[in-house]
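Engineer: Dropping the structure in here first, questions after.
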Amino acid sequence: MLQRPKPSDSEEDLLREQEQFLTRGALSAANVVRRPDKRRGEAGEGGGGEHNGEDEGRQKDVVTIEDLPDQLPSLTPAPPKKSRFKASRVTFEDEDAGERLDRHDTHISAVLSRIVVSSMIPYNQVPLPSTGGRKSIFAHQIAAQRLKEGKKPLHRAPESARTPEPREQNLPPETSPRLVSGQGLGGPDSPGETMRIHKENQTRLQTMSRSEIIEEQKKLLSHLDPRLVEFVRSRKDQSVPSSPSPSKLPEGKSSKGNFPLKNVSRESGSSSAAVLFHKPQEVEMEGEEEEEISPPPAMMVKPQKDWVHMDKLEPEKLEWMRDLPAPRRKGTTKAMEGRFDFAGSLIPPTEDLPTHLGLHHHGDEPERAGYSLQELFLLSRSQIIQQRSLALSTLANIISKARAGEYHSILKGSVMSTLLDAGLLFLLRFALDDSVEGVMSAAVHALKALVVSAEDEECLDCTFSWFRGLAAFPLLPSAQEEQDEEDEGLEESLKETAKEKEERRSDHDVARQDVVKGLLKMKLLPRLRYILEVLRPSPRVVQGVLDILIRFARHSSLSATQVLDCPRLMETVMSEFLPTSWTATSSPHPQSVYGLPQASAMKLLRVLATSGRHACARLLNSLGVRERLCRLLSAELSELLLETTQALRITTEAYRLWAVAAAYGQASDLYLVLYPALVKALQSVQRALNPSDPLLPLQLQRVLALLSFLTQVTHTAGCHQELQAGMNCFKPVETLQELEQLTSEVLLPLFSHRVVQDLIRNLGSSSVLCNVQSSHQSPETTPSLPGLACPGWRDRPGLVVPSSPFPLLTSMGLLLQTITGIHKGLSCKVGQPVIGYLRSCSRATPKLSHTRAWLLRHEHHLLYLLLRLSHRLIPIDVEVAKHASLYHQVALVLLSWLLPGSEFLAHELFCLLVCLPSSEGHSGGPEAIELGQLKLCEETQHRTSPSLQTVGALLREACVQLPSIRGCFLSQLAHLESSVLVSRDALLGHNPWINSHLLPELTGPTLPSDWPYLPLVSLYERTGLSDGGALTVEELPHGALQVVTHCLQWLLLLEVWREEALKVIPPVAKLARLSCVFLCSSDLFLERPVQKLTWGLFRLMTRSELDALDLNVPPPGLASFLDLYSALLAQYEAVSFGDWLFGCWLLLPLQRRYNVTMRLAVFGEHLGMLRSLGVTMEQLSIPIERFTSPPEDSLPLLRLYFRSLLTGTLKLCRCPILYVVALSHVNSFIFSQDAAAQVLHPAFTGISIHCLHHT
């Protein structure tokens, strides 16, 4: 009995069973029926008569189902391809076992060498080479045919370039017709009839002359359809006679059926090679000949005669057997697509690597080793597990190197931005759902490389023990969302809330602006919980998942709450990675970390607790964190049954978590429970640590964490009412004596020690404020995924390196502030190195970003402490008083640098340092400023207006009003009161009143850079005019005049004594802010105090900043200066009453070097103001040459000048300055020799006489 073939049967077994079946003559279980091909015109039922007759007797009942397709639908989204070459398969019967093993090898080199990839995503690093993707055979035929028509083939000239005369071509007559095939002729002698027609055509052509042939050809081309002519030429191209075998061809020639690979120059580039490789090649097999047909030179396989269905070869499918072309020559300037190895390193285009590394494949550039981002994206969605895993691992390595900035100098564009724009988040999210653990692990590794920076976490851990180091900014993108157009014009009650807008947005839109928020919207947290709880992956994957959760918790308090609220996520972390009991492991690197305490899990709890006191209370009371703290901190390190490194790390994180809880006033009861263990840990610190011990950094971190906890416990204890009530037994004398002893025996020797003095000298080199332009390579960041940019922080000087002076000096400054606040006579003198550092800070212009803000806040703390100490030393130390102006300058610039969370420091600077009388007037008083610096003594004799006052008297009056000025600015900052109170509790250690250690969102500095103008801007926003003259002075808020006066006095003081502090404000911004004096009300600028101070500021502006004033740049907060100037013109026409101060303000932007649009607005739209603008040259104090030189070249403005002079609108007695300006420009234009003067209207000639008469 015959058996069915088995999958394990070899080819010989199948052939033997086939012979047995044919020998027995048994009936087959299935019949093979040839289906007619309707495309070829084959008959349907009528064409198979004989076959039907033979099988008539053995038909079986067949059940047919209507609408059932003959072929199964394709499982891929793409439609099934139809090709007439589908049946032509090359099979190798004599293939040996070694070749079969190589074909099924799953090694890296073997798997990736069989990849055929194409362009999938746009890659913006370098311009993409125009090589094109893989095409079907039919598409290659079309492309090759078009190439023949447009380019010169290697074996003959193009068809369009040939001469139609056969005599000129010297071609032999055709032996067979090319165009006439005889298919439509009926009868048995159709081939003979075809040849007869062909011979008749040849004879007719031979008897015709050249001119007759050309004439007939033109007639045919004019009557025939161009597509038909194209078809005829294509048929002629396809019927090229066969050439001799390649071995008989001379060098430099080739036939259509051969690959001329040896004749292709290496210098021809990849484009010509692509043309050769992609040309469709078909080698016809002659079945009757006994000898073998020679294969093309590129083929490594010789076709055999007895191969089944081998009548046509497809060399394109055998191209992978060819040798790789050589890489590009060195010295090329053409940009190439970046290719990476498996470690993520960029491979140079000219590097020739061996093929056994597995970096070569059959993509667009097979000669180049490595994989592009497009190919890696395609591999990550492959059906082969190894390819998916390897692609994701390679992407992870590329992302890690990109975030470190290694590609910044060698690739164009941003790798991170390109990957995110191409959909990397969705790719990784899909890969996390893969059922194969290896692919899922690689996806976790890639996601960790994308969102987590190990260097950033190390830096944040190093600064945890610093002053306010446990607080951190949320890592939110700084880009503000654009307001939806749908909400414009709607009432507040009808507008969508932020939550509703967030839910309505797609995942792509959310991820494009915020990567972490986009991942949370993609339901990543439940998937991570499933991986930890169900899949139970390897330790590396567990570490990656915990690091990702830590980064999510740092994003914002909302993200931390989502992590806490995810079902069974935190329960899994607590039970599996922070158990209360465990057994010791025999290996330092166990195969599974489940059931063992993990430092990353404890760090996750600490970051979650930082987000808010309620989150911390949930961890302590609901998740059993108290028991874990007791279990880990009550025992010695050797008793924890953990490896020493792991024990040090997890106890360090436990102390830090306890410190965060104590900073809220929570978990204080554990202090009594663990008091013996804490004392023992403190006693162990006194032992000398071995500098050569590799565990020394971990031991120091553990000690610092313990001290941080004790600091927070002390702050919490100091806030308890019981302790405050016990202060009745306080002995002030004994306390002061103890402080004096501490200062004399400890602090002063420490402060004068050589090491501390060296640290003070290194403040400038380690400062973030003073070193804005850093020489190190900046890491790559994206707006949607902010980071701290810490890669490589150990190899460069900075604020966080172990040799940084900031942590020690900040701690000493904090201690000195506390001591001097109790005993004012114990102030330590500030040394000369600190003076140099402060002088550098006064000239600094720091830039604000996430990469610098977390460091800037620590340096701001040190500067504040130094300023507070100097404030106490100035009255009692003459040497320190010499630098009082420097301290005041630093206080002013620091005020505009302070970040969110430091509002209390700004309040203290205002109260103590900023608005206090200084020693600036000690040499001559404010009158010396008037006589020496401003040289107003020369102008007193030219005073024609009572509004012009000496600046010296104004300065003296402003110094007297400094306390009132301080109160004015503090009242303007009343909206920050709640923030000041929150910041005060955090900075002073009022732990029970702290709600969160997560600082406010980083949207900018606490105060704007132009804060001295804040009262003016606030008043304008409250009472600004929409229509000129609508308000009067009585309608101003109560005390508005006093507020404006104090603001102008403060500005005058800064302009005279602290000009450096205002250099951060552009002159155009100063002019725009001061313009609010004229726009706030109809007659506020007419008040005498305002007039005096505004005149003084105008004089200072026109003397020192006239050249730097650029009105072509839009002022901050305004679209353009022209809009503001238009409002000023309208206000002047309405309520100015010809005020000279207002007139000078309007004349300032009419200088020749500024935009002509403002002059056109005066002479075209506001002619009425020319009748009252009676400012004289002495009052303006601006040289007239700035208005008249160079000559005006705007013809519309010159016409307006002519018209105003002709009509008498502009007169010398009413508007002397603009009259002189207009007259000067008109005269220059009339008497100029330029060709443009010829376009003048004829009437201008008569006006010129009038102009000369007035001249």
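Engineer: Quick check: the distance between the Cα centres of the stretch 342-391 and the stretch 577-650, to the nearest angstrom?
Structural biologist: Taking the Cα centre of each part, the stretch 342-391 and the stretch 577-650 sit 42 Å apart.
Engineer: Would you please put 852-860, 555-563 in order of how densely packed they are, using the mean number of other Cβ atoms within 10 angstrom per residue and starting with the highest?
Structural biologist: Output ranking for 852-860, 555-563: 852-860, 555-563.
Engineer: Would you mind getting me the FRET efficiency between Leu535 and Cys630? Use the beta-carbon distance for r and R0 = 30 Å, nearest 0.05.
Structural biologist: The calculated FRET efficiency here is 0.45.
Engineer: Determine how large the accessible area of Cys630 is when every protein chain is in place; take a 1.4 Å probe and give Å² rounded to the nearest 10.
Structural biologist: The accessible area of Cys630 comes to roughly 40 Å².
Engineer: A further question follows. Take the Cα atoms of the stretch 494-627, find their three principal axes, and give me the spread along each one in whole Å, biggest first.
Structural biologist: Principal-axis extents of the Cα atoms in the stretch 494-627, largest first: 64, 29, 20 Å.
Engineer: Compute the length gained on full extension between Arg527 and Arg761: take 0.36 nm times their separation in residues and subtract their Cα-Cα distance, giving the result in nm to one decimal.
Structural biologist: Stretched out fully, the Arg527 to Arg761 stretch lengthens by 79.0 nm.
Engineer: Take the Cα pairs of the stretch 406-461, get the Kirkwood Rh, then feed it into Stokes-Einstein at 10 °C and 1.306 mPa s and tell me D in µm²/s.
Structural biologist: 122 µm²/s
Engineer: What FRET efficiency would be calculated for the residue pair His589, Thr355, taking the C-beta separation as r and a Förster radius of 35 Å, to the nearest 0.05? Before the final figure, lay out the partial values.
Structural biologist: Working: r = 35 Å, r/R0 = 0.99.
Efficiency for this residue pair is about 0.50.
Engineer: Okay, moving on. Peptides 582-590, 373-381, 879-887: what's the order by average Cβ count within 10 Å, highest mean first?
Structural biologist: 373-381, 879-887, 582-590
Engineer: Continuing with this model, one more query. Could you compute the FRET efficiency for Ser622 and Ala343, with r as their C-beta to C-beta distance and R0 at 35 Å, rounded to 0.05?
Structural biologist: Calculated value: 0.20.
Engineer: Evaluate the charge dipole of the stretch 827-919 about its Cα centre and quote only its size in Debye, nearest 20, assuming +1 on the Cβ of each Lys and Arg and -1 on the Cβ of each Asp and Glu.
Structural biologist: Using Cβ point charges on Lys, Arg, Asp and Glu, the stretch 827-919 gives about 220 debye.
Engineer: On full extension of the chain, what length is gained from Trp582 through Asp323, given 0.36 nm per residue of separation minus the C-alpha to C-alpha distance? Provide the component values of the computation, followed by the final result.
Structural biologist: Values: separation 259, 0.36 × 259 = 93.24 nm, distance 5.93 nm.
Length difference between fully extended and current span is 87.3 nm.
Engineer: Now, a different point. Can you give me the % of accessible surface on the stretch 843-896 that is carbon or sulfur? Probe 1.4 Å, all protein chains present, nothing else counted.
Structural biologist: That share works out to 58 percent.
Engineer: What distance in nm separates the simple spin-label points at Arg1022 and Asp306, each placed 7 Å from Cα in the Cβ direction?
Structural biologist: 10.6 nm
Engineer: In the full protein assembly as shown, how much of Asp1107 is accessible to a 1.4 Å probe, in Å² to the nearest 10?
Structural biologist: 120 Å²
Engineer: Moving on. Full-extension gain between Ser840 and Ser28, please, as 0.36 nm times their residue separation minus the C-alpha to C-alpha distance. Before the final figure, lay out each step's value.
Structural biologist: Working: separation 812, 0.36 × 812 = 292.32 nm, distance 9.76 nm.
Full extension from Ser840 to Ser28 adds 282.6 nm.
Engineer: Ignoring ligands, DNA and RNA, what percent of the 1.4 Å accessible area of the stretch 659-712 is carbon and sulfur? Each step should come with its number before you reach the end.
Structural biologist: Working: 1860 of 2930 Å².
Of the solvent-accessible surface of the stretch 659-712, carbon and sulfur hold 63 percent.
Engineer: Of the listed peptides 668-675, 1124-1131, 603-610, 1143-1150, what is their order by residue-averaged count of other C-beta atoms within 10 Å, with the highest listed first?
Structural biologist: On the way: 668-675: 13.8, 1124-1131: 19.8, 603-610: 26.6, 1143-1150: 21.4.
Per-residue mean Cβ counts within 10 Å order the peptides as 603-610, 1143-1150, 1124-1131, 668-675.
Engineer: If you don't mind, there's one more thing I want to ask. Testing the spin-label approximation: label points 7 Å from Cα along Cα→Cβ at Leu1160 and Asp507. State their distance in nm.
Structural biologist: 5.3 nm
Engineer: May I pose another question? Solvent-accessible area of Asp509, probe 1.4 Å, all protein chains present, reported in Å² to the nearest ten, please.
Structural biologist: Rounded to the nearest 10, that gives 50 Å².
Engineer: Extending each Cα 7 Å along its Cβ direction at Ser211 and Arg1214, get the distance between those two points in nm, one decimal.
Structural biologist: It works out to 9.0 nm between the two label points.
Engineer: I'd like to know which of Ala635, Thr645, Cys616 lies farthest towards the positive end of the charge dipole of the stretch 613-652, counting +1 on Cβ of Lys and Arg and -1 on Cβ of Asp and Glu.
Structural biologist: Cys616
Engineer: What pairs from Lys501/Lys521; Lys882/Lys1070; Lys521/Lys847 go past 23 Å between their alpha carbons?
Structural biologist: Flagged as over cut-off: Lys882/Lys1070; Lys521/Lys847.
The values are calculated or read from the model by the stated rules, or taken from the named source; none is laboratory data. These figures come from a predicted structure and were not determined experimentally. Reconstructed Cβ throughout: ideal geometry from the backbone, glycine too, with neighbour counts over all protein chains shown. When the accessible area is computed, the model is the full protein with side chains, heavy atoms only, and any ligands, DNA or RNA have been set aside. Shrake-Rupley method; radii C 1.70, N 1.55, O 1.52, S 1.80 Å.
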